[in-house]
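Structure record follows, encoded as structure tokens.
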Amino acid sequence: MAHQLGLSGSTIMSDPDKFEQLFKRRFSHVEIGEFPSLADFEDFLRLAEAKEYSYGVHSPLIRGESKYDLISFISFDPRRAREQFEDEVRKLTQLGATYVLVHFPYFKAPDQVQRAEKIDEGLQFLSQLQQTYDIPIVCEPKLGPSMSPHNIEALHHFSKQTWETYALSLCIDIGDYLLAVGGDWQVYLEHLKPYIKVVHLHNILIEGSKYIWVPPHPDLEGAEGYWKIKPIVQYLAQGTDKYFLFEHTPHSNPTDEFVDEGIDWIHELICTSNEEMK
């Protein structure tokens, strides 16, 4: 496949009136979820097919359904969440999705009882779905409330052998990892690196206790209120082929020129990192 750049539905907040914007740039892949309705998803599918784009789905498929509950109650009973996710996987296998991505592991609090056992059982469930429906399942560890790193910390304690056993893939959200572990990100990614399939790209604008995802851009590197993402992008560009997805949101009102400059910059970083590995 080679590394593939793509766009996330987050850039338009999965707004059906803006689907065309997902296909205007020089990509051939979109990752999207949380459609307002099944009819909107079908409209997206028709457009992706016409544009000859591949697509992955970021669960939940439909907005308002479970997105965090596979091993712990957050908004839905885990049994219901698992039924929903299996229905999505079954449907998406038939409809040609390249993968299904799910927030996992996720606990609301860091002191969850039997956390390791619940994660391992959840991995067994996901691995079985992957085998049954023959579609890659990608796990994305997420920050907890108030930017708590406990879910990323929990994943860190699972060995490389665990991922070899369950044969699942990982998504690394650059923003979440930088907020969770700061400059120690390489320590956390080293044993996971062979299993990373998807990278969510954005910088972070921190405003008090809140933050928003903004497009990556060289002018933001080290600027006040932002993070340096260049080293982690270069690191992740090495090794196995990945989807690098621009996952900023529209809240900072970036111009098309700003976004395109960031795309050019990321493309160059990835190409240069690949050349240095040869």
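The values are calculated or read from the model by the stated rules, or taken from the named source; none is laboratory data. Model, not experiment: these values are computed from the prediction. Don't worry about glycine lacking a Cβ; one is built from the backbone with ideal geometry, like all the others, and counts go over all protein chains shown. Protein only, heavy atoms only, side chains kept; ligands, DNA and RNA dropped before computing areas. Shrake-Rupley method; radii C 1.70, N 1.55, O 1.52, S 1.80 Å.
Among the residues making up region 206-227, those that are buried (at least 19 other Cβ atoms within 10 Å of the Cβ) and either touching a residue at least 40 places away in the same chain (Cβ under 8 Å) or within 20 Å of the chain's Cα centre (by Cα) (or both) are W213, V214, P215, P216, H217, W227. What do you reckon, is T98 of a type in the set (S, T, N, Q), closer than 16 Å to I137 by Cβ and buried (at least 17 other Cβ atoms within 10 Å of the Cβ)? In short, yes. A count restricted to region 131-151 and to residues that are of a type outside the set (S, T, N, Q), out of contact with any Gly (no Cβ under 9 Å at 6 or more places or on another chain) and within 11 Å of F107 (Cα to Cα) stands at 5. Please verify whether K91 is assigned to a helix (DSSP H, G or I), under 29 Å from H267 (Cβ atoms) and open to solvent by 40 Å² or more (accessible area, probe 1.4 Å), treating the condition exactly as stated. No, not satisfied.
Could you tell me whether region 40-50 includes any residue that is under 15 Å from the mean Cα position of the chain (by Cα) and open to solvent by 50 Å² or more (accessible area, probe 1.4 Å)? There is no residue in region 40-50 that is under 15 Å from the mean Cα position of the chain (by Cα) and open to solvent by 50 Å² or more (accessible area, probe 1.4 Å).
Among the conditions (1) assigned to a helix (DSSP H, G or I); (2) open to solvent by 30 Å² or more (accessible area, probe 1.4 Å), the only one that A81 does not satisfy is (2). On the stretch given as region 23-39, residues that are assigned to a helix (DSSP H, G or I) and either open to solvent by 70 Å² or more (accessible area, probe 1.4 Å) or in contact with a Phe, Trp or Tyr (Cβ under 8 Å, 6 or more places away or on another chain) (or both) total 2. Are there any pairs, at least 6 apart or on different chains, whose C-beta atoms fall under 7 Å, with the first in region 62-87 and aromatic (F, W, Y) and the second open to solvent by less than 60 Å² (accessible area, probe 1.4 Å), and if so, which? Close Cβ pairs (under 7 Å, with a partner that is open to solvent by less than 60 Å² (accessible area, probe 1.4 Å)) amount to Y68/I74; Y68/H103; Y68/Y106; F76/S66; F76/D69; F85/S59; F85/L70; F85/V102. When the test is whether a residue is of a type in the set (V, I, T), under 20 Å from S37 (Cβ atoms) and open to solvent by 20 Å² or more (accessible area, probe 1.4 Å), I62 passes it.
Residues K242, K197: which one is in contact (Cβ under 8 Å) with a residue 24 or more places away in the chain, among the basic types (K, R), within 18 Å of L7 (Cβ to Cβ) and open to solvent by less than 30 Å² (accessible area, probe 1.4 Å)? Walk me through it before giving the result.
Numbers: K197 fails: open to solvent by less than 30 Å² (accessible area, probe 1.4 Å).
That would be K242, the only listed residue that is in contact (Cβ under 8 Å) with a residue 24 or more places away in the chain, among the basic types (K, R), within 18 Å of L7 (Cβ to Cβ) and open to solvent by less than 30 Å² (accessible area, probe 1.4 Å).
Name the residue that is surrounded by the fewest Cβ atoms within 10 Å (Cβ to Cβ), counting only residues in region 1-21 that are within 17 Å of W213 (Cα to Cα) and not β-branched (V, I, T). Show your work before the answer.
To start, the set of residues in region 1-21 that are within 17 Å of W213 (Cα to Cα) comprises 6-14.
Adding the requirement that they be not β-branched (V, I, T) leaves 6-10, 13-14.
Values: G6: 23, L7: 25, S8: 24, G9: 23, S10: 21, M13: 12, S14: 21.
My answer is M13.
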